[in-house]
Amino acid sequence: MLKESTNMNMLLNRGNFQPIDETFLTKSLDVFQRVSNIQEEYDRGDTDTFMNEVRDSMAAKYLHFTHINVDKHGFDARRTLVNGSFEFLEVKTASFDASTWGATFNDTNQEKANAFKEQNVYLCLSLWRYASDPLFFAFGKNPAIGSFLEDKMKNRPAGSRSTQSISLQNLINQYGFTIYSVGKTPLQLFNILQMKRGCKNIPLSAIKMVNEV
């Protein structure tokens, strides 16, 4: 009983509670109202889905994909090759402030794992500083990603959710991805990576400017 009480007190004392900032709230709601107007105009009622579509569209446009998937299921973007076949893009998003940077796959199934083994399926890890400020896109493809997802999916603990993660460092060093920087020179971004946990072994040679895609 004492242990339960101690754990409850630890939970209740967790966090950093500050008085509500009225200026912050007013400014934010003003921005949100303009966002709401766009959601209404384009019939995008789910805010999380709307934000994902905006960010996925930015990543897709930078990486020369032309069509965005407006449904919740399936790959995020697509482009057509000169022979009429399609290439697909899966976009994963990470925050600059996250403790580690990587691509997380939720609820992976055999169909999705098999798709990543194909040569026409690409993966992008987009890293964002603020709501509309991408820092870089880690972009590439490798059939071994499909094998990795399949192995982790089949060998997860019984009853657990099928969630897999690939660190940014492994995307670069193990799967051969390239980091395309937005706004920072390769050297500037390299120096940022040197200060991030789990990114110190990413070589400068793996970083290019986004206009080099």
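Derivation of every value follows stated rules applied to the coordinates shown; laboratory data play no part. These numbers come from a predicted model, not from an experiment. Cβ: placed from backbone, ideal geometry, glycine included. Neighbour counts: every protein chain shown.
Structure summary
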{"read-out": "The chain: calculated mean residue ellipticity at 222 nm from DSSP helix runs of at least 4, using -39500 (n - 2.57)", "value": "-11500 deg cm²/dmol"}
{"read-out": "Ranked list, fewest to most other Cβ atoms within 10 Å of each Cβ, for LEU168, LEU204, LEU11", "value": "LEU11, LEU204, LEU168"}
{"read-out": "Surrounding net charge for THR66, when Lys and Arg each add one and Asp and Glu each subtract one, Cβ distance under 11 Å", "value": "+2"}
{"read-out": "Ranked packing of 75-88, 25-38, 128-141, most packed first, by mean Cβ within 10 Å", "value": "128-141, 75-88, 25-38"}
{"read-out": "Centre separation in Å (Cα based) which lies between region 110-166 and region 23-75", "value": "22 Å"}
{"read-out": "15 Å beta-carbon shell around THR100, net charge (K/R +1, D/E -1)", "value": "+3"}
{"read-out": "Test item: Cα-centred dipole of the chain, Lys/Arg +1 and Asp/Glu -1 on Cβ, debye", "value": "900 debye"}
